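Colleague: Right, I'll just put the structure down here and ask away after.
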Amino acid sequence: MKRLLLLAASLLAGCSSAEDRAAAVLYDPGYTIEIVLDNADGITSPDGLWWHDNALYIADEGGSAIRRWDGKAVETLADGTSGIASPEDIVVDAKGQVWFTDDTSGGLWLVTSKGGQLAPGSQAIAESEGIAVLADGGVWVGDGKRSAVATFAPGGSGPIAVAADWQVAKPESMARMPDKTIWLANNREDRLLRIGADGSARDWLVPDDLSPESLAADGNTLWITDSHNGRLYRLGPTGKTEIVALFLADFVNINGVTVDPAGSVYISIQSDLDAGKGYIVRLAPKPASKVSQ
């Protein structure tokens with residue numbers, strides 16, 4: 001039986017009021033956990049996350065904005081004045097371009113000096129969900145309305161095609177691995193698919209009650225959030241799926257996930273989307289000497 005390390009109701013001392021009711025359980029003794037951002041820092045109810053070049057990029061769904069946190073302050077890169085309504089997923093490509101989706105306004109979006117800009121030809125995607133940038137710079141976008149994945153040429157022109165019929169009801173999130181395979185979360189049907197470099201797809205055997213919400217690649221490890229059950233999973237190279245943390249009460253609705261080069265895992269939490277209430281927490285790896293203590 002796995003060691004139950006911490007029931008961290010006290011960890012959330014950073015919660016802003018007595019109304020906050022939240023707790024987290026760490027199953028992996030190799031991590032500490034803390035809140036790094038909340039409403040007081042300039043976020044509302046965040047969804048997609050992406051780490052790039054010493055900064056955290058945030059699809060702030062509740063605030064209709066794209067934000068960037070450099071560890072000191074939160075900067076707004078684009079907001080509702082650009083036509084953004086409900087930013088869903090976010091990715092930064094090798095050129096530093098920030099791409100995101102919007103499951104209300106639809107389409108594929110790019111952050112520019114003027115805010116958010118809709119990519120030409122992407123208006124047909126009414127409910128854009130997960131996003132992935134391929135090795136050649138092409139972009140995949142999950143189409144929640146048509147239950148499909150649209151592909152865009154490098155630079156965002158397109159869509160040039162609809163990917164193979166993988167029968168994905170809701171392509172919520174995608175993650176590209178070093179071997180060019182792509183994992184795809186279908187949380188409407190509680191399925192996790194592995195798309196091979198040749199385009200073939202197969203369902204991955206996961207726990208019966210796992211409903212994958214967001215995915216993040218960290219080398220050959222895949223991180224998975226389950227917003228229905230408040231669980232953070234890790235899928236390692238051996239194919240074993242294990243629970244790393246359990247979030248409870250106001251923290252149960254975990255959404256986006258990303259990992260920085262030091263191995264810290266960032267998770268977005270939507271405590272109340274309508275009220276614009278949310279958090280971002282960080283699981284930081286302990287030094288090896290402290291794990292054994």
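The values are calculated or read from the model by the stated rules, or taken from the named source; none is laboratory data. Since the structure is predicted, the reported quantities are computational estimates derived from the model, not experimental observations. FYI the Cβ positions are ideal-geometry reconstructions off the backbone, even for glycines, and counts take in every protein chain you see. These accessible areas exclude ligands, DNA and RNA; they are computed on the full protein's heavy atoms, side chains included. Shrake-Rupley method; radii C 1.70, N 1.55, O 1.52, S 1.80 Å.
Colleague: Quick check of the Kirkwood formula: for the stretch 164-293, what is the inverse mean of 1/r over all pairs of different Cα atoms, in Å?
Modeller: It works out to 15.4 Å.
Colleague: Further question on the same structure: Take the Cα atoms of the chain, find their three principal axes, and give me the spread along each one in whole Å, biggest first.
Modeller: Principal extents (Cα only, largest first): 54, 42, 31 Å.
Colleague: Mind listing which trypsin sites (Lys or Arg not before Pro) in the stretch 104-189 are in a DSSP loop and have 10 or fewer other Cβ atoms within 10 Å?
Modeller: Values: sites: Lys114, Lys145, Arg146, Arg176, Lys180, Arg188; in loops: Lys114, Lys145, Arg146, Lys180, Arg188.
Here the sparse-neighbourhood loop sites are Lys114.
Colleague: Can you give me the % of accessible surface on the chain that is carbon or sulfur? Probe 1.4 Å, all protein chains present, nothing else counted. Please list the in-between numbers first.
Modeller: On the way: 6120 of 12560 Å².
Answer for the chain is 49 percent, counting heavy atoms of protein chains only.
Colleague: Using the crude model of +1 on Lys and Arg Cβ and -1 on Asp and Glu Cβ, and no other charge, please compute the dipole size for the stretch 17-158 relative to its Cα centre, in debye to 20.
Modeller: For the stretch 17-158, the charge dipole is close to 440 debye.
Colleague: Then there is this: Against the globular-protein guess of 2.2 N^0.38 Å, express the Cα radius of gyration of the stretch 136-214 as a ratio, rounded to two decimals. Working shown, then result.
Modeller: Details: Rg = 12.3 Å, N = 79, 2.2 N^0.38 = 11.6 Å.
Its radius of gyration relative to the 2.2 N^0.38 Å reference: 1.06.
Colleague: With the dipole of the stretch 213-263 worked out from charges on the C-beta (+1 for Lys and Arg, -1 for Asp and Glu) around the Cα centre, which of Gly239, Gly219, Phe251 lies farthest toward the positive end?
Modeller: Working it through, the farthest residue towards the positive pole turns out to be Gly239.
Colleague: Now a separate question. Per residue, what accessible area does the chain have, given a 1.4 Å probe and all protein chains present, in Å²?
Modeller: 43 Å²
Colleague: What is the count of Lys pairs in the chain whose alpha carbons sit under 24 Å apart, if the two are 8 or more places apart or on different chains?
Modeller: Within the chain, the lysine pair count is 13.
Colleague: Could I ask something else about it? Return the long-range amide H neighbours of Gly116 (sequence gap of 5 or more, or a different chain), with a cut-off of under 5 Å between placed amide H atoms.
Modeller: Placed amide hydrogens put Asp79, Ser82 under 5 Å from Gly116.
Colleague: Now for a separate question. Alpha carbons only, please: Rg and Dmax for the stretch 49-138, in angstrom.
Modeller: 12.1, 38
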